[in-house]
Amino acid sequence: MKIRIKKDDKVKVLTGKDKGKIGKVLKIVKKTNRVIIENINVVKVNQRPTQANPQGGIVEKNMPIHVSNLMIMCNSCVKPTRISMKLLEDGKRVRICKQCNQQIDS
């Protein structure tokens, strides 16, 4: 599966406990087709005491979400949309919004 979502994109969650929320992509895990989004799918993890953190305790951590559960947000029409790829005259490939036909890449 080809991941057409990039870092710093705004995405909307389609399914799961955070359905309907919008967040910014922090990291993409290509091996498992998952994406880590800011303040989405947050879980509490028990942290063992280490030299860096001698106290330990409970830490909140962003967990990855599968790409199929996300939809990219268009910058111009401000709606979740599917995207297509377009080849420009200079040979550069850009992402295009299917709803408003505007370029998503900056």
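The values are calculated or read from the model by the stated rules, or taken from the named source; none is laboratory data. Worth saying up front: this structure is predicted, and the values here are computed from it rather than measured. Using ideal geometry, Cβ is built from the backbone for each residue, glycine included, and neighbour counts are taken over all protein chains shown.
Data overview
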item	result
Some residue of segment 4-21 being at pLDDT below 95, surrounded by fewer than 14 Cβ atoms within 10 Å (Cβ to Cβ) and not in a loop (DSSP other than H, G, I, E, B)	no
Residue list for segment 78-95, restricted to those being within 17 Å of the chain's Cα centre (by Cα) and surrounded by 14 or more Cβ atoms within 10 Å (Cβ to Cβ)	Pro80, Thr81, Ile83, Arg95
Sole residue being exposed (fewer than 13 other Cβ atoms within 10 Å of the Cβ) and at pLDDT below 95, chosen from Gln47, Gln103, Gln51	Gln51
Number of positions in segment 41-70 that are touching a residue at least 12 places away in the same chain (Cβ under 8 Å), among the aliphatic types (A, V, I, L, M) and in a loop (DSSP other than H, G, I, E, B)	1
